[in-house]
Amino acid sequence: MNPTRLLLLLVALLAVGGGVWMLMSDQTPAPVSSEPVAHNPAEQYAQPAQPLEARDAAPEAASSMILQRNEVVLDNSNRTSPQGVRGRVLSPTGVPTKGCSVFLVESSTGADLFRMMQMAQKGITLPPIASIKTDDKGTFALGLEACDPNKALEIRVVSDTYADFTYPGVRLQPNDWYDAGDIKLLPGLTLQGQVTVAGTNGMPIAEAEVSIRPASGAFDVSLIPGRERGIIIKTDAGGFYRATNVPAGLHNVAAVAPGYARLIHSNVTVNEQSENRLNFDLAQGLSIQGKVIDASGNGVARAKVMAVAMSSKTPVSADTFSDEGGNFEILGLLEGPYQLTAKAEGFVDANEKAIPAGSKGLELVVEKQGAVRLTVLGKNGQLVREYTVLVKKFFAGQPASGDGAQSQQVAAAGLAEPSYGNTMIPMQTVRNPKDGVALIEGLDPDTYALQINARGYAMAFSDPFTIAVDVDSPALTVVLNEGGVIAGQVVGAAMEPVAGVTVETRPNDLDDNPFTNMFASMIPSKVTRTQVQTDASGRFEIKLLNAGRYQLRFTHPEYVERFLKDNDVVVGQALNLQPTVLAVGTILTGTVRVSGKPTGQVKVSVSSKSDPNSPLPRTAGFQCEAYTDAEGRYVMPKRLAPGLYEVMAAQQTLPNPLLQIVQFQRSKQEISVGSQGQFVIDFNLEDPK
């Protein structure tokens, strides 16, 4: 599959998936938990974080593709860890504020966007990385035992008096404490009203629940304890509610009570110029009652059943879980048609459309997910008893193209080059399967292939197979082989060997830029992704490579990064390359000041700029970025080859992304890099706040 077409498809899927998620997030209420809520959310998370494996044992948590993250542990002393964040919280009038809850969470934007979307679609959430209460002086310090410099974080401040505050764009560096300075909260606005029974001339409903959530529709898997469903308040005996810490802007405000239908007012404007009064007249609620059963008629326990309104006249959706006998009842619905979906572990989702509210005795039949029986053999026919299996979607692909050996073989056979896509099914480890046959389960109807990895063998793919309802599990046999080899030597400009160069294998058509790097893990590919380092003589050898066309990336902190494409790997053969020459290149460094003060958490970006009239060589496709430390210093992690470049900088902690764009544009500079060893570019940005 053409990578460019694939990336365009991924962007389209992102747009569609994001739009669907936003619609569902506005209409489908989160289930009300029956678990007790901790009185002090900060103290609830003030213990060292457990390893991921020790947390919720839901099936989704096993997916390394989705949940792969570096765990960070909250240091109990907060101030003695090697890295962390600190700052001071002030009231809108500038007074230090005691007792505010401060959380450090993963950002739902940036390079992890697709991972976060996948988690949101599966209902997976992440707890805060660390949390604490502000002290008498309004200060806080969140120390971390470990951090990932590539992960975007946010500081969130929650108060019962003022509007919640988000401080974005924090990237923690090892052995560095980031000072967020003074965080001045915004005053909360008052939203009030009454909840009454529809058609009764104002009969109040006591203990109705009113929830207030931003109407942006942005998904967020890093939830704050007590804010999972927004600001929640209860009505008093007269049906009145009053929230005093609502931020200005558009909100979706919902009300629900036992025996009544849920009612949502979307895009409610809350500002200082309005009265900010919103009343609810709740209609009597209907329910849908039924049972989730398997193909044999047995009840399925703990199935999640969702009812989504099919008519804009009844914009009420709800969900529930089946009991031990598979019985369920979804409450609070308005009259009208609904689509019902039942989800249960080990079963294919069941869907029923146009189910009218008030229906009883409904049966939702969920079919068991499929499985495949797998036997893995070595090159000489012996059983391989330990390996990992990753289930991949199978795509027939496009006709083969190119002049490589493998492409010519495929084209001569009249075949299409297949490709493989990721699934939400977690990787499975197989050890000593009974009779040498492993059962790979949890497959919905579709066409798949299995990716097999075993010690001492090249990665291999099974033949494609199709899973269908009421069809016996197919049986597959995969024979592993030793794969191919790429070997070579890396030298400097004077042909001297260069030791310690990292040589990484990549898909041949994967360009190196932030966009493709964001989607790299999602691009179907048959190549083996691995890396080695050159020895003292500059030599390297990469073994156990699956057959295919490879790109190599050569990186070393003292040399310009280099890419080498169109390397065809054939099983049982070694590809010996000509010496790869690396150039020393130029270090780009400098200091960033904001209004004259050295400032941390500023992103500095450099990209190549083509100029056909320049005598300097072109550096097409080069892009790199760095973040300033607490003293405002930055050093680009990649060296620059001679050429023309564009450099710009912007604060990442600005609350409005448009302000970042303005800073980038105003700070933009063009530089010509020659053979100098270091190039210094300083920035003095204006604070747009």
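Only a single item in (1) more than 30 Å from Ala460 (Cβ to Cβ); (2) assigned to a strand (DSSP E or B); (3) open to solvent by 50 Å² or more (accessible area, probe 1.4 Å) is not met by Phe328, and it is number (3). Of the residues making up segment 400-414, one or more are on the phi > 0 side of the Ramachandran plot, at pLDDT below 80 and open to solvent by 60 Å² or more (accessible area, probe 1.4 Å).
Does Glu646 satisfy the condition of being closer than 22 Å to Leu685 by Cα, loosely packed, with under 15 Cβ neighbours inside 10 Å, in contact with an Asp or Glu (Cβ under 6 Å, 6 or more places away or on another chain) and not aliphatic (A, V, I, L, M)? Yes; evaluated as a whole, the condition is true for this residue.
When segment 478-499 is filtered for residues that are closer than 16 Å to Glu541 by Cβ, out of contact with any Asp or Glu (no Cβ under 9 Å at 6 or more places or on another chain) and open to solvent by 10 Å² or more (accessible area, probe 1.4 Å), the ones remaining, listed by number, are Glu482, Gln489.
Between Ala350, Ala354, Ala301, the distinction of being out of contact with any strand residue (DSSP E or B) (no Cβ under 8 Å at 6 or more places or on another chain) and either aliphatic (A, V, I, L, M) or at pLDDT 90 or above (or both) belongs to Ala301 only. Of the residues making up segment 197-225, those that are touching a strand residue (DSSP E or B) at 6+ places or on another chain (Cβ under 7 Å) and either polar (S, T, N, Q) or under 23 Å from Ala130 (Cβ atoms) (or both) are Ser211, Val221, Ser222, Ile224. Report yes if some residue within segment 448-463 is more than 16 Å from Val376 (Cα to Cα) and exposed (fewer than 15 other Cβ atoms within 10 Å of the Cβ); otherwise report no. Scanning segment 448-463, I find no residue that is more than 16 Å from Val376 (Cα to Cα) and exposed (fewer than 15 other Cβ atoms within 10 Å of the Cβ), so the answer is no.
Residues that are in contact with a helix residue (DSSP H, G or I) (Cβ under 7 Å, 6 or more places away or on another chain), more than 18 Å from Ser595 (Cα to Cα) and modelled with pLDDT under 90 are absent from segment 608-617 altogether. Across segment 138-163, which residue is surrounded by the fewest Cβ atoms within 10 Å (Cβ to Cβ) among those that are more than 23 Å from the chain's Cα centre (by Cα) and more than 19 Å from Ser81 (Cα to Cα)? Step by step, filter segment 138-163, then rank; the result is Asp160.
Of the strands (runs of 3 or more DSSP E) lying entirely inside segment 237-325, those containing at least 1 residues that are within 30 Å of Lys368 (Cβ to Cβ) and of a type in the set (Gly, Ala, Ser) are 286-293, 304-309, 318-321.
Annotation note: Cβ proximity below 7 Å between a residue of segment 382-396 that is farther than 18 Å from Ala371 by Cα and a residue that is assigned to a strand (DSSP E or B) and at pLDDT 90 or above (sequence gap 6+ or interchain) occurs for Leu383/Leu377; Val384/Val376; Val384/Leu377; Arg385/Arg431; Glu386/Val430; Glu386/Arg431.
Exactly one residue among Ala454, Ala487, Ala499, Ala449 is under 30 Å from Val581 (Cβ atoms), touching a Ser or Thr at 6+ places or on another chain (Cβ under 8 Å) and at pLDDT 90 or above, and that residue is Ala499.
Just so you know, in segment 417-440 the residues that are surrounded by fewer than 18 Cβ atoms within 10 Å (Cβ to Cβ) and among the small types (Gly, Ala, Ser) include one that is nearest to Pro507 (Cα to Cα), and it is Gly421. Here segment 174-214 is the region considered, the condition is being open to solvent by 50 Å² or more (accessible area, probe 1.4 Å), under 30 Å from Gln652 (Cβ atoms) and not charged (D, E, K, R), and the residue that is nearest to the chain's Cα centre (by Cα) is Pro214. State all residues of segment 331-346 that are of a type in the set (A, V, I, L, M, F, W, C) and at pLDDT below 90; if no residue qualifies, say none. Residues satisfying the conditions are Leu331, Leu333, Leu334, Ala344.
All told, Phe321 falls short of being open to solvent by less than 20 Å² (accessible area, probe 1.4 Å) and either in contact (Cβ under 8 Å) with a residue 40 or more places away in the chain or among the hydrophobic types (A, V, I, L, M, F, W, C) (or both).
For the residues Thr580, Thr589, the requirement of being closer than 30 Å to Lys526 by Cβ, at pLDDT 95 or above, open to solvent by less than 50 Å² (accessible area, probe 1.4 Å) and of a type in the set (Ser, Thr, Tyr) singles out Thr580. With respect to Glu352, is the statement that it is under 27 Å from Ile425 (Cα atoms) and surrounded by fewer than 20 Cβ atoms within 10 Å (Cβ to Cβ) true? Criteria met by Glu352. Can we say Asn656 is under 23 Å from Leu104 (Cα atoms) and open to solvent by 30 Å² or more (accessible area, probe 1.4 Å)? So Asn656 passes the test.
Screening segment 106-137 for residues that are open to solvent by 10 Å² or more (accessible area, probe 1.4 Å) and of a type in the set (D, E, K, R) and picking the one that is modelled with the lowest pLDDT gives Lys122. Scanning segment 272-292 for residues that are open to solvent by 40 Å² or more (accessible area, probe 1.4 Å), over 22 Å from Leu331 (Cβ atoms) and in contact with a Gly (Cβ under 8 Å, 6 or more places away or on another chain) yields Arg277, Asn279.
The values are calculated or read from the model by the stated rules, or taken from the named source; none is laboratory data. Predicted model, so just to flag it, every value in this text is computed and none were measured. Don't worry about glycine lacking a Cβ; one is built from the backbone with ideal geometry, like all the others, and counts go over all protein chains shown. Just the protein is used for accessible areas: all its heavy atoms, side chains included, with ligands, DNA and RNA removed. Shrake-Rupley method; radii C 1.70, N 1.55, O 1.52, S 1.80 Å.
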